[in-house]
Every structure is written in C-alpha cells, then in structure tokens.
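All remarks here apply to the structure that follows.
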Amino acid sequence: MNKLFRGIMPALVTPFDSEGRLKARSAEAIIKYELAAGVDGFYVNGATGEGLFLSEKTRMDMIETALAACAGRVKLINHVGAVDTLQALRLAKHSAEVGCDAISSLVPNYIAAYTTEQILDYYRRLHGESGLPVLVYCTHLAGSAPYEFMKRVMEVEGVIGCKYTLPDYYSMHRITELNGGDINVINGPDEMLICGLVMGADGGIGSTYNLMPDRFLRLFRAYSEGRLEEARQIQFGINKVVSVLLSHGVIAAVKETLNRMGFDAGSVAYPGRTFSKADSDAFIAELRQSGYEI
Ligand code: MN9
C-alpha cells in the first residue's frame with residue numbers, strides 16, 4: 001500500500017540567520033501555527049525549505065526541530081536531495097535515525113544529465129540507506145517524459161510515488177494509474193492544486209500553504225466532499241494571492257510575509273532577495289489588495 005500521504009502538507013520554509021544557522025525557535029513557531037490550522041503533514045528541506053543551499057548540519061537541525069515540534073501528530077517527509085549526492089545518502093540515513101515517515105529527493109540532474117539507470121540506482125540507494133519510503137520529486141529535472149520516467153522509477157523497491165511539480169496534468173493522471181493505481185501522487189503547483197486533485201492527486205505540498213493553510217484545507221475538503229464549484233472558487237481566491245507572491249519571488253515573499261506576521265523567518269539564502277522596509281510595505285499593500293488578510 002503506497003498511498004501513505006494525503007491532504008494538505010506545507011513545504012516548510014527554513015528560518016536561518018546570516019551564517020546559515022537554523023533559527024529553531026522560529027521554525028517551531030511556524031510549525032505550531034500550521035499545526036493549529038489542521039494541516040496533514042509537512043515537507044521539510046525541499047525547494048521551499050532551501051535545502052539545496054543549506055549546510056548538512058542546518059538540514060539535520062531543521063528536520064529534528066520539525067519532528068520535535070510535531071511530536072507524532074502529523075507525518076513528515078524530509079527532502080534529502082543535495083548537489084553533493086553523498087550528503088543526500090547521509091541525510092537519508094539520518095532521516096531514518098530521527099524518525100521521519102518518508103524521504104524525498106529531486107532527480108539529481110542539477111548539472112550532469114545522468115542516465116535513467118544511474119538515477120534509478122540513486123533512488124535505490126536512498127531507500128537502502130534509510131529503509132524509508134521514497135517519494136520522488138518529479139520536476140523538469142526528471143526529463144521531458146515524466147510518465148515514462150515514473151514508470152521506471154516505480155520499479156525501485158521503496159519508491160511509493162512522487163511529488164509532481166509540472167504543469168502537464170495529462171502525464172500526472174497517467175502516473176496515478178501506474179502500479180495498478182497503488183501509487184502516491186502529490187500535487188506541487190499550489191496555483192493548480194484543483195487540477196491535480198481532479199486528475200487524481202492524493203493531496204498537495206506547497207510553499208504558499210505556509211501562509212494560507214486554512215484556505216488550502218477548505219479547498220481540499222470541498223473537493224473531497226464533491227463540492228467542485230466551491231473548491232474552484234477557493235482556488236481562484238488563492239491564486240490572486242499566489243500571483244502577488246510569485247511576482248515578488250515566491251520563497252522570499254513567503255518568508256517576508258511570515259516576518260510581518262511576527263515569525264522571524266529571516267531572508268532567503270544569498271544572493272536571494274532581501275526586503276527593505278519600503279519594499280516590504282509596498283509588497284504587503286499589494287498582498288492585502290489580493291485579498292490576503294495581514
Ligand atoms: O512544488 C512549490 N515549488 C517550488 C512546490 O517551490 C519550486 C510550489 O509550492 C510553488 O512554490 C508554488 C508557486 O508557484 O506553486
């Protein structure tokens with residue numbers, strides 16, 4: 001049974017200081033805020049969590065902090081993908097030692113284009129090091145044929161499915177039918193969550209969920225209970241906010257919004273955007289106009 005994850009799972013931001021050290025208290029406060037809203041789980045150290053830009057220690061501190069803050073209430077998926085693939089293997093092992101429910105990784109084609117066999121071997125080893133279920137992070141790094149890629153990677157022991165962040169929902173639906181339908185497919189693009197649900201995704205993982213857990217939870221519930229028109233309207237409301245966030249650089253904008261909510265989320269990794277006071281005020285004014293209450 002591969003469908004381990006379902007519902008609304010924020011891709012957590014990682015708050016760190018100017019030296020790249022985790023601000024654990026801030027991470028804890030953000031996690032508690034999401035838990036109070038009723039989210040179903042978290043995706044840690046992913047693209048939104050800036051995992052690729054952080055030290056191994058900060059990544060380990062972040063997942064340990066998240067596990068402690070959740071205390072078993074919801075499931076945690078740790079993204080272990082790293083440019084240093086040996087680090088990814090170590091992070092996989094660490095994930096199991098500290099008690100994660102699953103690991104995930106981008107396809108390691110960051111610069112080199114590996115062969116499918118090499119990539120399958122990478123996922124095989126991630127599972128081998130950890131014994132944990134593996135959710136492939138399927139993006140453009142998986143190549144131009146995501147269905148064919150997922151078909152192959154589902155042959156690897158321990159791979160349960162994917163977090164799918166591509167705009168091709170035809171391929172997503174075909175992927176949901178792999179392995180006789182026993183595959184866990186989670187939607188990536190927040191602005192198209194409803195498309196993913198309609199095409200068979202079991203839930204969503206997203207960066208803007210950090211700011212609007214309640215709206216995404218309502219969307220998921222409306223869709224699950226057959227109220228499609230209501231779900232559509234919630235999505236369209238969400239998208240007004242998402243378009244403002246995207247226009248400011250989504251991760252930087254999510255962090256700045258959390259800062260303004262009092263969470264001390266800090267800035268994105270260098271050389272990413274930092275907000276001056278005037279920038280921040282202008283951004284927040286736009287966000288309010290899009291219907292986001294802050
Ligand atoms: O798939 C996120 N993707 C990245 C997860 O962070 C690259 C999404 O949540 C997007 O940030 C979001 C905005 O486009 O949909």
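The values are calculated or read from the model by the stated rules, or taken from the named source; none is laboratory data. These numbers come from a predicted model, not from an experiment. Every residue, glycine among them, receives a Cβ derived from its backbone with ideal geometry; neighbour counts consider all protein chains shown.
How about region 244-285: which of its residues are over 19 Å from the mean Cα position of the chain (by Cα), assigned to a helix (DSSP H, G or I) and within 16 Å of the ligand (Cβ to nearest atom)?
Scanning region 244-285 gives Val244, Ser247, Phe283.
Quick check: is even one residue across region 227-237 within 20 Å of the chain's Cα centre (by Cα) and touching a residue at least 24 places away in the same chain (Cβ under 8 Å)? Don't jump to the end; show me each part of the working.
To start, the set of residues in region 227-237 that are within 20 Å of the chain's Cα centre (by Cα) comprises 235.
Checking which are touching a residue at least 24 places away in the same chain (Cβ under 8 Å) leaves us with 235.
Yes, because at least one residue in region 227-237 is within 20 Å of the chain's Cα centre (by Cα) and touching a residue at least 24 places away in the same chain (Cβ under 8 Å).
Pairs needed: first member in region 122-141, over 19 Å from Leu166 (Cα atoms) and modelled with pLDDT under 95; second member anywhere, hydroxyl-bearing (Ser, Thr, Tyr) and surrounded by fewer than 18 Cβ atoms within 10 Å (Cβ to Cβ); C-beta distance under 9 Å; at least 6 residues apart or different chains.
none
So how many residues does region 97-121 have that are of a type in the set (Gly, Ala, Ser) and within 19 Å of Lys163 (Cβ to Cβ)?
Summing the residues that are of a type in the set (Gly, Ala, Ser) and within 19 Å of Lys163 (Cβ to Cβ) in region 97-121 gives 3.
With the condition kept exactly as written, say whether any residue in region 76-90 is under 17 Å from the mean Cα position of the chain (by Cα) and surrounded by fewer than 17 Cβ atoms within 10 Å (Cβ to Cβ).
no
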